[in-house]
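Engineer: Below you'll find the structure I mean.
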Amino acid sequence: MADLRDFHTRNPLLDAGDPESFRHRLLDYFERTYDLFERLFDSFASDDTFYVQPEPLRHPHIFYFGHTGTFYINKLNVAGLIDFRIHPEYESMFAIGVDEMSWDDLNGAHYDWPSVREVRDYRIRAREVVRDVIRRLPITLPVKWTDPAWAVLMGIEHERIHLETSSVLIRQTKLKYLQDTGTPIHDFWRRCPEAGPAPANGLLPVPRGRVHLGKPRDHNLYGWDNEYGRHEADIDPFQASRFLVSNGEFLAFVEAGGYREPRWWTGEGRRWLDWRKPEHPIFWRRQPDGGWRYRALLEELDMPWDWPVDVNWLEAKAFCNWKAAATGLSIRLPTEDEWVRLLDHSGLEDEPYWGAAGTAPGNLNLEYWASSCPVDRFAFRDGFCDVVGNVWQWTETPIAGFEGFQVHPWYDDFSTPTFDDKHNLIKGGSWISTGNEANRHSRYAFRRHFFQHAGFRYVAAGPSPYAARVERSTENLYETDQQLAQYCEFHYGPEYLGVANFPKTCAGLCLRYMEGRPKKRALDIGCATGRSAFELARGFEFVHGVDFTARFIRLALALKEKGELAWEIATEGELSEGHGLRLADLGLAEAARRVEFWQGDAANLKPQFSGYDLIFAGNLIDRMVSPRAFLSQAHERLNAGGLLILTSPYTWLDDFTNREEWLGGFARDGRPVSSLDGLHAVLDKHFRLLDARDVPFVLRETARKFQHTLAQMTVWEKR
């Protein structure tokens, strides 16, 4: 069996050598990546392991085994490098569902997974396609993100991400499903043999400095879209822990009853505790005699107290809150800016400039072991250890794009679905972080309850600048069960206070305005749970319902497929009552067949969403990050003479839309600017206003509390 060191590959430089030498490096990078990913699954004891679901919120292993192969084919099609598919069913089945479901949003859908042999055969065919593409690619150096070679690099780096995430799932898989210790695969995925008592941790100073984030567009390494742009900040001096928090240091929190004390946990953390009921970190194993063991990739071993603890963000944050109370210091996780300041202070040069020796400066890139190692093994300037490597480091910062952020046209949903304040950045890489993951500019983020090879270091600094955003995100209008039920009630419940159903009324008005016009295709953007899309299909040959929120789309799809829907709506306090409906009872069963639902960003829709006679955006624009981005492109998606119909109560809030993006509701030069004024400013070039009217709606919160609101409907005809 080949040695793990045979797979130590670095990012290919995008500007080095000549086109043919780059082609050779690209092919080698692809082959090693493909082989290494498959070698991970060689650890399975039998094919049965592929269908084990070690994490209840994620798919079984077979999904991820098939996913990376189909990703290459899907992206090569999007980039126009091939014009065929190998297996359309697989390229749909294995394409969606990578990001785990929220822990309060379990998915019980059944999948008829293919056999392991069939998926292996698919991967063989996909490999040949990618090889052929690489061999015939037109290559110009330096390679840029619109060049054909970028699509191949995108597939390779994507597979390296899943090398890491699948290894986490394997750590969560029971040992009985894996090959026994002593088999060759254990020699290949060898763990660190060093372990001992945990070193005493302490705080060291990090001086004041200015940080510069954002990868330049002409950088000579591949990057994901969220890495580009520009961000600068002046960082006040702070203190940071010398070491990552070790298993030994975290033990004090466990023994102090940290998992049983709600006051250390955020609101989201308390709900996670109630749901999962953890008593210690996920990779710890409590023994009958009170001792502890540790789950590594393919085996359990005596607890390595000096290795970094593996926890999710919620656990890391609770530890910091506990330690702050114990020490009287303002202990918290570092922000992304502070982590970069520490990195700069360490004097570390970026990969691939790691020195003449050519070895990683920390436990990175599988260059040392297939496991963590002692937290004092890799030292940097001024006594700091593991500034990079060993395990990822959680930060206070929810991921967002830098100034100048642009989505990549071939992968427009890589980053934007995570810009929801529910995904926090991890920095520094882990022992299995390879390729793009192992460099300075990488920006990966996961849900806060997500398990990764991730730990943390703490800092003593001022209050977290993100605390309010993080806490508010757990009460997001579009994610809590209560609010989802409210939208079910809003779309499909009875009328309240004598006000007609709003989505039905809006769709009826749309159809009235469309009288005498073509009614072939309509787009309901911001469709939520789908009522207006279904109602539009009474008069249109075909309707697309699109919403940014996956839960809304899944609910609308389920209603279309099953024909019925049930939900619990609050009455008072903790009491609720069940409501439900059947599409047939609403007279919508036939119309529903003409509706397709998709997840999408209104400000960044894929090209396929075009050629419409009507675009309806109900109560959307004042809940968008950038309503102008959507409105300024709307004419491109409408046929000549088509209608754009908007409704909005114009309740502009910084929680959803930064003030500079508001269309109206403010004064300029001493004169009021209404939202209708703002709409004219954006739309008049391509549209003329046909009508404006108010449409009332009522949202039920409880049996005795309602919101009564007026939305303005404006009707715009494309010139």
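Engineer: Would you say residue 689 is in contact (Cβ under 8 Å) with a residue 40 or more places away in the chain and either surrounded by 12 or more Cβ atoms within 10 Å (Cβ to Cβ) or out of contact with any Gly (no Cβ under 6 Å at 6 or more places or on another chain) (or both)?
Structural biologist: Here the answer is no, as residue 689 does not meet what is asked.
Engineer: Let me ask something additional. Out of 224, 313, 265, 275, report the one residue that is outside the structural domain of residue 17 (by TED's automatic domain parsing) and more than 30 Å from residue 337 (Cα to Cα).
Structural biologist: From the options 224, 313, 265, 275, the qualifying one is 275.
Engineer: For the stretch 558-594, what are the residues that are part of a helix (DSSP H, G or I), surrounded by fewer than 18 Cβ atoms within 10 Å (Cβ to Cβ) and touching a residue at least 12 places away in the same chain (Cβ under 8 Å)?
Structural biologist: Those that are part of a helix (DSSP H, G or I), surrounded by fewer than 18 Cβ atoms within 10 Å (Cβ to Cβ) and touching a residue at least 12 places away in the same chain (Cβ under 8 Å): 584, 586, 589.
Engineer: Let me spell it out: the conditions are (1) in contact with a Gly (Cβ under 8 Å, 6 or more places away or on another chain); (2) assigned by TED's automatic domain parsing to the domain that holds residue 214; (3) over 17 Å from residue 454 (Cβ atoms), and residue 233 meets all of them except one. Which number is the exception?
Structural biologist: (1)
Engineer: Just one of the numbered conditions (1) free of Cβ contacts under 8 Å to residues at least 60 places away in the same chain; (2) in a loop (DSSP other than H, G, I, E, B); (3) under 30 Å from residue 144 (Cβ atoms) is not true of residue 223; which one?
Structural biologist: (1)
Engineer: Out of all the residues in the stretch 306-326, which are farther than 19 Å from residue 259 by Cα and either surrounded by fewer than 21 Cβ atoms within 10 Å (Cβ to Cβ) or of a type outside the set (Asp, Glu) (or both)?
Structural biologist: Across the stretch 306-326, the qualifying residue is only 307.
Engineer: Name the one entry in 407, 391 that is over 18 Å from residue 215 (Cβ atoms) and among the β-branched types (Val, Ile, Thr).
Structural biologist: Of 407, 391, the one residue that is over 18 Å from residue 215 (Cβ atoms) and among the β-branched types (Val, Ile, Thr) is 391.
One line per residue, one yes/no per condition, for (1) in a loop (DSSP other than H, G, I, E, B); (2) under 32 Å from the mean Cα position of the chain (by Cα); (3) assigned by TED's automatic domain parsing to the domain that holds residue 604:
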site: 187; (1), (2), (3): no, no, no
site: 190; (1), (2), (3): yes, yes, no
site: 193; (1), (2), (3): yes, no, no
site: 196; (1), (2), (3): yes, no, no
site: 239; (1), (2), (3): no, yes, no
site: 253; (1), (2), (3): no, yes, no
site: 270; (1), (2), (3): no, yes, no
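Engineer: I would also like to ask the following. Return the residue satisfying two criteria in turn: it lies in the stretch 255-268 and is of a type outside the set (Val, Ile, Thr) and not in a helix (DSSP H, G or I), and of such residues it is surrounded by the fewest Cβ atoms within 10 Å (Cβ to Cβ).
Structural biologist: 257
Engineer: Continuing with the same structure: Would you please name the residue that is surrounded by the most Cβ atoms within 10 Å (Cβ to Cβ), looking only at residues in the stretch 595-611 that are part of a loop (DSSP other than H, G, I, E, B) and free of Cβ contacts under 8 Å to residues at least 40 places away in the same chain?
Structural biologist: Among residues in the stretch 595-611 that are part of a loop (DSSP other than H, G, I, E, B) and free of Cβ contacts under 8 Å to residues at least 40 places away in the same chain, the one surrounded by the most Cβ atoms within 10 Å (Cβ to Cβ) is 610.
Engineer: How many residues are farther than 25 Å from residue 641 by Cα, small (Gly, Ala, Ser) and in contact with a Pro (Cβ under 9 Å, 6 or more places away or on another chain) if we restrict to the stretch 514-566?
Structural biologist: Number of matching residues: 3.
Engineer: Specify which of the listed residues (436, 424, 365, 390) is assigned to a helix (DSSP H, G or I) and either among the polar types (S, T, N, Q) or buried (at least 23 other Cβ atoms within 10 Å of the Cβ) (or both).
Structural biologist: Going through 436, 424, 365, 390 in turn, the sole match is 436.
Engineer: Would the stretch 182-196 turn up any residue that is among the polar types (S, T, N, Q) and touching a residue at least 60 places away in the same chain (Cβ under 8 Å)?
Structural biologist: no
Engineer: Only one of 169, 213, 163 is under 28 Å from the mean Cα position of the chain (by Cα), in contact (Cβ under 8 Å) with a residue 12 or more places away in the chain and not assigned by TED's automatic domain parsing to the domain that holds residue 60. Can you tell me which?
Structural biologist: Answer to the check: 213.
Engineer: Further question on the same structure: On the given criteria, is residue 441 over 27 Å from residue 191 (Cα atoms) and at pLDDT 90 or above?
Structural biologist: Taking the combined requirement at face value, the residue satisfies it.
Engineer: Please enumerate the residues belonging to the stretch 160-183 that are in contact with a His (Cβ under 9 Å, 6 or more places away or on another chain) and either within 15 Å of residue 33 (Cβ to Cβ) or not in a helix (DSSP H, G or I) (or both).
Structural biologist: Result: 162, 164, 166, 167, 173, 179, 180.
Engineer: So, in the stretch 644-659, of the ones that are at pLDDT 90 or above and more than 17 Å from residue 694 (Cα to Cα), which residue ends up surrounded by the fewest Cβ atoms within 10 Å (Cβ to Cβ)?
Structural biologist: Looking at the filtered set, the residue picked out is 653.
Engineer: Wholly within the stretch 612-686, which strands (runs of 3 or more DSSP E) include no fewer than the required count, namely at least 2 residues that are among the polar types (S, T, N, Q)?
Structural biologist: Hits in the stretch 612-686: 638-648.
For every residue, the table says whether it meets (1) exposed (fewer than 14 other Cβ atoms within 10 Å of the Cβ); (2) more than 24 Å from residue 512 (Cα to Cα); (3) among the hydroxyl-bearing types (Ser, Thr, Tyr).
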| site | (1), (2), (3) |
| --- | --- |
| 633 | no, yes, no |
| 667 | yes, yes, no |
| 705 | yes, yes, no |
| 710 | yes, no, no |
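Engineer: Restricting to the stretch 530-556, name every residue that is closer than 13 Å to residue 599 by Cβ and among the hydroxyl-bearing types (Ser, Thr, Tyr).
Structural biologist: If the condition is that a residue be closer than 13 Å to residue 599 by Cβ and among the hydroxyl-bearing types (Ser, Thr, Tyr), then 549 is the only one that fits.
The values are calculated or read from the model by the stated rules, or taken from the named source; none is laboratory data. No experiment lies behind these values; they were computed from the predicted model shown. Neighbour counts run over all protein chains shown; Cβ positions are idealised from the backbone, glycine included.
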